[in-house]
Amino acid sequence: MNIIDKIDQEQIRLDHPDFRAGDSVKVHIRIIEGSKERIQIFEGVVLKRKRGMMNASFTVRKISHGGIGVEKTFALHSPRLEKIEVVTLGRVRRSRLYYLRERRGKAARIRERSRI
């Protein structure tokens, strides 16, 4: 094992829950404003999840005030991520849910998967 692999193993985080595209999640992000630090929650539907070791990431989409869609991509092993909470499990047949960008209201609903 070379030095880069050792550094990657130190940085990797295994405390995140198992989630996939279609699930609704709450992402707790550590925000620094000047000298103050606070936690901000970004809640939405996971559009995609990119797997891998250090380059693993996921994209979350939420509908903001006035019906405007906002998407954020997070690095899964970032030190800025405080925690990820899975709110609901979605039942979808695709791994990339880009079609939700064009849908609004009831057309953008995702069926719920049972927790077993």
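All of the numbers you see were taken from the coordinates with simple rules; none came from a lab. Since we're looking at a predicted model, the values are computed, not measured. Ideal geometry is used to build each Cβ from the backbone, glycine not excepted, and the neighbour counts take in all protein chains shown.
What trypsin sites (Lys or Arg not before Pro) in the stretch 1-45 are in a loop by DSSP, with at most 12 other Cβ atoms within 10 Å of the Cβ?
Working: sites: 6, 13, 20, 26, 30, 36, 38; in loops: 13, 20.
Answer by residue number: 13.
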Original post:
For the chain, with the dipole built from +1 on Lys and Arg beta-carbon atoms and -1 on Asp and Glu ones, taken about the Cα centre, which of 90, 16, 60 lies farthest toward the positive end?
Top reply: 90
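Please get the size of the charge dipole for the stretch 1-94, origin at its Cα centre, with Cβ charges of +1 on Lys and Arg and -1 on Asp and Glu, quoted in debye to the nearest 20.
Numbers: 19 positive and 12 negative charges, 94 e Å.
In debye, rounded to 20, the stretch 1-94 gives about 460.
So what is the 222 nm mean residue ellipticity for the chain from helices alone, if each DSSP H run of at least 4 adds -39500 (n - 2.57) and you divide by all residues, rounding to the nearest 500 deg cm²/dmol?
-2000 deg cm²/dmol
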Subject >> Under 23 Å from residue 50, Cα to Cα: lysines that are on another chain or at least 8 residues apart >> reply: 6, 26, 62, 72, 83
Original post:
Going by how many other beta carbons lie within 10 Å of each one, how would you line up 10, 112, fewest first?
Top reply: 10, 112
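Ranking 45, 25, 86 by Cβ neighbours within 10 Å, fewest first, what do you get? Numbers along the way, then the final one.
On the way: 45 23, 25 20, 86 17.
Exposure proxy ranking, most exposed first: 86, 25, 45.
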Subject >> Per-residue ³J(HN,Hα) for the stretch 37-46, Karplus 6.51 cos²θ - 1.76 cosθ + 1.60, θ = phi - 60°, Hz, x for Gly and Pro >> reply: 10, 9, 9, 10, 9, 10, 10, x, 9, 6
Original post:
Sorting 53, 1 on the 10 Å Cβ count, fewest up front, what's the list?
Top reply: 1, 53
